[in-house]
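Shown next, in structure tokens, is the structure this report addresses.
Throughout, read-outs are computed from the coordinates displayed, never taken from laboratory work. A quick note: this is a predicted structure, and the numbers were derived from the prediction, not measured. Here the Cβ positions follow ideal geometry from the backbone for every residue, glycine too, while neighbour counts run over all protein chains shown.
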Amino acid sequence: MNIILLGPPGSGKGTQARTLTEKRGLVQLSTGDMLRAAMAAGTEVGLHAKDIMARGQLVPDSVVNDIVAERIDAPDARKGFILDGYPRTLNQAAALEKMLSDRRRKLDAVIELHLSSDDELVRRVAGRYTCAKCGEGYHDELKLPRKAGVCDKCGSTDFKRRSDDSAEAMRTRLMAYYKETSPLIGYYTCKGNLHAIEGLADIRDVERDIEAVFVKLV
């Protein structure tokens, strides 16, 4: 089964993708991970991307599309994959449709993690931080360590925050998403394979709603 997870940054795509890989045996394909892997492996398209980035330029759609095509041809992706962060634009969506068609494969579903409140998303993202040692996640309001300043998991007292998790940066990222990626919602609605789920619900409720989509597809 081949799935796209759509949603703005901070909507929980990565968390849900990891859950699906465990439950369904699907491979999570993140654009950033695919790009780094292709460059590390020294593939032709990976070296091309590396050269472009070394010049300080953005990797064009054509190269990103080639990297995705190369990755979905890998043996572990033939049983099914979850695309996280791709496609980002209508041009990429059209390219994905063609590459799947060329391989006699299809997209089974697009699951949109819909947000009922941008303000709530910004609050959630701006308040999160992690243990610098083990990566355990925390939040200023929603999940504090049991002992102030001490990680529950490993006992470290060293914590960190992502620079792009500030409220200002988050609103900038949301604007970019609405401008570039949200048109995909209409595109896949017309295709008849979009399933919208409330992304700000409890994680377990989101998992349950995604599982209900899979049940319908079987």
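Using only alpha carbon pairs under 8 Å that are at least six residues apart, calculate the relative contact order of the chain and give it in whole percent.
On the way: 279 pairs, mean separation 55.5, N = 218.
Reported as a whole number, the value is 25 percent.
Given (i) 14.2; (ii) 20.4; (iii) 13.3, which label gives mean projected area of the Cα convex hull in nm² as computed from the coordinates?
(iii)
Please work out whether the stretch 38-135 counts as rounded, prolate or oblate from its C-alpha gyration tensor, where a ≥ b ≥ c are the square roots of the eigenvalues and a/c under 1.5 means rounded, while otherwise a/b larger than b/c means prolate and anything else oblate? Each step should come with its number before you reach the end.
Numbers: a/c = 1.81, a/b = 1.30, b/c = 1.39.
It comes out oblate by the Cα gyration axes.
When the dipole is taken about the Cα centre of the stretch 76-160, and only Lys, Arg (+1) and Asp, Glu (-1) are charged at their Cβ, what size is it in debye, to the nearest 20?
Numbers: 17 positive and 14 negative charges, 94 e Å.
Roughly 460 debye, rounded to the nearest 20.
One-quarter of the Cα convex hull surface for the stretch 1-92, in nm²?
Values: hull surface 24.8 nm².
With every direction weighted equally, the projected area is 6.2 nm².
Would you please put 147-158, 25-36 in order of how densely packed they are, using the mean number of other Cβ atoms within 10 angstrom per residue and starting with the highest?
25-36, 147-158
Working from Cα positions, state the angle (0 to 90°, nearest 10) between the long axis of helix 203-217 and the longest principal axis of the chain.
Between the helix axis and the principal axis of the chain, the angle is about 20 degrees.
Name all residues of the stretch 114-129 having a backbone nitrogen under 15 Å from the label point set 7 Å from the Cα of residue 143 along its Cα→Cβ direction, giving them as ranges.
Under cut-off, by backbone N: 124-129.
Residues in the stretch 178-218 near a label at residue 100, defined as backbone nitrogen under 12 Å from the 7 Å Cα→Cβ point?
Zone members listed by number: 188-189, 191-195.
What do you get for the angle between helix 61-72 and the principal long axis of the chain? Use alpha-carbon atoms, 0 to 90 degrees, nearest ten.
90
Which whole-percent values make up P(r) of the stretch 85-206 when all C-alpha to C-alpha distances are grouped in 10 Å steps starting at zero?
Each 10 Å bin holds this share of Cα pairs: 11, 30, 29, 20, 9, 1.
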